[in-house]
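Asker: Quick one: this structure, given as structure tokens, is what I'll be asking you about.
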Amino acid sequence: MERKKGKVAIIGFGPGAAEHITGRAREAIRESEVIIGYNTYVDLILGLLTDQAVVRTGMTEEVSRAQEAVRQAESGKTVAVISSGDAGVYGMAGLIYEVLIGRQWKPADGVEVEVIPGISAINSCASLLGAPVMHDACTISLSDHLTPWETIAKRVEAAATADFVIALYNPRSGRRTRQIVETQRILLRHRSPDTPVGLVKSAYRDRQDITVTTLANMLEHDIGMLTTVIVGNSATFLYEGLIITPRGYQRKYTLDAEEQALKPHERLRVEQEPWSLSAREESLERGDSEDGGDVGYGRNVALAGNIGNVSVSGNFGKPHPAELAMEALRLLGMWRNAEGGSAATGAADAHQGDAGRSQARIFEVGVAPGIANKKFTNSQLSALARIAGDSGEMEYTPHHQVILRLPAERPEGIVAELKAEGLLVFPIGDVAQVKACDFCDLDKPDAIPVAEELNRLIGGRKTPKELKVALNGCGMACYGAVLEDIGIVYRKGAYDLFLGGKKIGRNAHAAQPVAEGISAEQLVATVERIFREYTENGHPNESFHKYFKRAKAVAGFPHREQPPAVAVDAVCGD
Ligand code: SAH
């Protein structure tokens, strides 16, 4: 009589808690006669066992575990091999197949194999951190017991350059302590030190521990064999202790608006997705140049009309959720359509044709080495030059920043590159911008934390019209804070506040002094209130000084009319 054919069920039982074990995994455990697994894992599923024989092995005995499973199945038994998480992710599934293949196993007439999926650590740990894995992500195991370190390092580097969210498995053990240090070093070459990082130890197990930190500080925390490290990408931000990676909805939707600019039937149109493969193919069909470079982007293309609102919003390197959201929101807005002509330019336009028009997309972004720090490093300047290339341009503005403008297909990559250089990257447009002096080359740094705090609270947030909040760190106020919309001067240990400056135009005037010698706390609360009143009550496109005049008071400070210009009898001329 033919012997009963055995079976190996390779089961991923998820992170550890009973409720995260799938129905099929439970059933397969019930159906099996033998359970084979690493000691700790057997303990985790002990509650599900009835009368199965149990084969426990030590941690490094995967091969003997797999051989034993195959042997038992070949003798006609139904065997369950258990792995934590998913058995196909650094688990037992591959190894069992390899052992079977070594024995000339064939699916048709060999022992039956069933791989039962489970929730892998990347998913269970992500769920505890917020939504860090919303976009393209990869897993990398830092264990070099079976994989050459060179290969691992190469993968870390590649993932970092490609801006993947990265889940690091097996990050560190008692003996393997250098790998995570080396990995951090590689990542820091490509990602901002402020990149959010989540450390989840023993997800959904008794000793669960969750730490939210940054790429720069991650090594200050406990990382062990039971930890998964999730490193955000360049768009990942923190919100109330949660790590969130935006999917990109902001490109098409305004997330805080009830009515969307794009109606449902418009949302999937190619012209609304200039970043898509279809858009690229269409543009190639029209004969546009492959490198997205020079065609149609003349140096004198109609950029000038678009330059008006250049903004510097503050950022001390910490990703500010509002700012990042704004940034994403504005990635599209930063595309300037720099096509040479419309109907008005007539013949020139006709000559330029479609090719000229479709390539004329200019990505525009503000860049600075810091808020207080005004010094570019050599490497930052070379990076800027490299990124701008021959077809881009850099403009040095009066707002302590360089505006980078270049034809680009993938603005995210550029933003990531700039950030990797430690540069601050600012959206352009109607947002609050916290700008500061250089604090006498950082010699008088007392007020820097207040600039940081203000930036954290309002930097990059949407305003009716761009709002400049300027903080100068001593009474000299040599960076001209008193000329801005909101001017703050730190003097003798306290703050003076000025409102409603108008820096340009025929009726330019300094801001009105409204408070003197107030504390840091009072100042921050007041500026926040002013910001709120202005954003809630200002008309679209109404500048702050106009709003102040119309509202007659802001944050309880009454508006005072500027004295009329003094008429001077000209001695000569008319
Ligand atoms: N097959 C497993 C991975 C095994 S490799 C899975 O799919 O999840 C072992 C590594 O997985 C650990 O070093 C840790 O990085 C991660 N890991 C597994 N279970 C975990 C849990 N409950 N919490 C945090 N990390 C876990």
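The values are calculated or read from the model by the stated rules, or taken from the named source; none is laboratory data. What you see is a predicted model, and the numbers here were worked out from it, not measured in a lab. We place every Cβ from the backbone using ideal geometry, glycine too, and count neighbours over all the protein chains shown. Just so you know, the surface numbers come from the protein's heavy atoms only, side chains and all, with ligands and any DNA or RNA stripped out. Shrake-Rupley method; radii C 1.70, N 1.55, O 1.52, S 1.80 Å.
Asker: Would you please give the FRET efficiency between Glu409 and Asn378, computed as 1/(1 + (r/R0)^6) with r the Cβ-Cβ distance and R0 = 35 Å, to the nearest 0.05? Intermediate values should be presented prior to the final figure.
Answerer: Values: r = 28 Å, r/R0 = 0.80.
Taking R0 as 35 Å, the efficiency between Glu409 and Asn378 is 0.80.
Asker: With labels modelled as points extended 7 Å from the Cα through the Cβ direction, what inter-label distance (nm, one decimal) is found for Glu281 paired with Asp109?
Answerer: Each label point lies 7 Å from its Cα, and together they span 4.6 nm.
Asker: Still on this model: Using r as the Cβ-Cβ distance of Ile101 and Leu146, and R0 as 22 Å, what FRET efficiency do you calculate, to the nearest 0.05? Each step should come with its number before you reach the end.
Answerer: On the way: r = 18 Å, r/R0 = 0.80.
The calculated FRET efficiency here is 0.80.
Asker: Still on this structure, please answer the following. With each label point set 7 Å from Cα along the Cα-Cβ vector, what nm distance links Arg386 and Thr535?
Answerer: 3.6
Asker: On to the next question. With the full set of protein chains in place, find how many percent of the accessible area of segment 30-118 is carbon and sulfur; take the probe as 1.4 Å.
Answerer: Numbers: 2250 of 4420 Å².
The value for segment 30-118 is 51 percent carbon and sulfur by accessible area.
Asker: Now, a different point. Could you check how much of the accessible area of segment 456-574 is carbon and sulfur, as a whole percent, using a 1.4 Å probe? Mind dumping the intermediate values first?
Answerer: Numbers: 3640 of 6630 Å².
Looking at segment 456-574 in its full context, I get 55 percent from C and S.
Asker: With a cap of 12 neighbouring Cβ atoms within 10 Å, and only residues DSSP puts in a loop, list the GluC sites (Glu not before Pro) found in segment 1-69.
Answerer: Numbers: sites: Glu2, Glu19, Glu27, Glu31, Glu33, Glu61, Glu62, Glu68; in loops: Glu2, Glu33, Glu61.
Counting only loop positions with at most 12 other Cβ atoms within 10 Å, the GluC sites (Glu not before Pro) in segment 1-69 are Glu2.
Asker: Here's something else I'd like to know. List the pairs from Lys5/Lys106; Lys465/Lys549; Lys435/Lys552 whose alpha-carbon separation is above 24 Å, in the order I gave them.
Answerer: Numbers: Lys5/Lys106 13 Å; Lys465/Lys549 15 Å; Lys435/Lys552 26 Å.
Listed pairs above 24 Å: Lys435/Lys552.
Asker: Follow-up question, since we're still on this one. Quick check: at a probe of 1.4 Å, how many percent of the accessible area of segment 121-259 sits on carbon and sulfur atoms?
Answerer: On the way: 3330 of 6870 Å².
Carbon and sulfur: 49 percent of the exposed surface of segment 121-259.
Asker: Counting only heavy atoms of protein chains, what accessible area per residue, in Å², does segment 371-503 have with a probe of 1.4 Å?
Answerer: Values: 5080 Å² over 133 residues.
Accessible surface, normalised per residue, equals 38 Å².
Asker: In percent, what relative contact order does segment 90-173 have, based on Cα pairs under 8 Å that are 6 or more apart in sequence? Please list the in-between numbers first.
Answerer: Numbers: 53 pairs, mean separation 23.9, N = 84.
Computed value for segment 90-173: 29 percent relative contact order.
Asker: Something else: On a full-extension model of 0.36 nm per residue, what is the gain between Met225 and Thr177, subtracting their alpha-carbon distance, rounded to one decimal in nm? List each step's numbers first, then the result.
Answerer: On the way: separation 48, 0.36 × 48 = 17.28 nm, distance 1.04 nm.
Separation in residues times 0.36 nm, less the Cα-Cα distance, equals 16.2 nm.
Asker: For the pair Ala553/Asp43, report the inter-label distance in nm, with labels modelled 7 Å from Cα in the Cβ direction.
Answerer: The answer from the label model is 6.8 nm.
Asker: Per residue, how much accessible area does segment 132-184 show when a 1.4 Å probe rolls over the protein heavy atoms, in square angstrom? Working shown, then result.
Answerer: Working: 2700 Å² over 53 residues.
With all protein chains present, segment 132-184 gives 51 Å² per residue.
Asker: Under the 0.36 nm per residue contour assumption, what length would be gained going from the current alpha-carbon distance of Ile504 and Lys546 to full extension?
Answerer: Difference between extended and current length: 13.8 nm.
Asker: Work out the FRET efficiency for Asp446 and Glu395 from their Cβ-Cβ distance, taking R0 = 41 Å, and round it to the nearest 0.05. Walk me through the numbers on the way to the answer.
Answerer: Working: r = 33 Å, r/R0 = 0.79.
That gives a FRET efficiency of 0.80.
Asker: If you don't mind, another one. For Cα pairs less than 8 Å apart in space and 6+ apart in sequence, what is the mean separation divided by the residue count of segment 13-90, i.e. the relative contact order in percent? Don't skip to the end; give the middle numbers.
Answerer: Working: 99 pairs, mean separation 32.3, N = 78.
Computed value for segment 13-90: 41 percent relative contact order.
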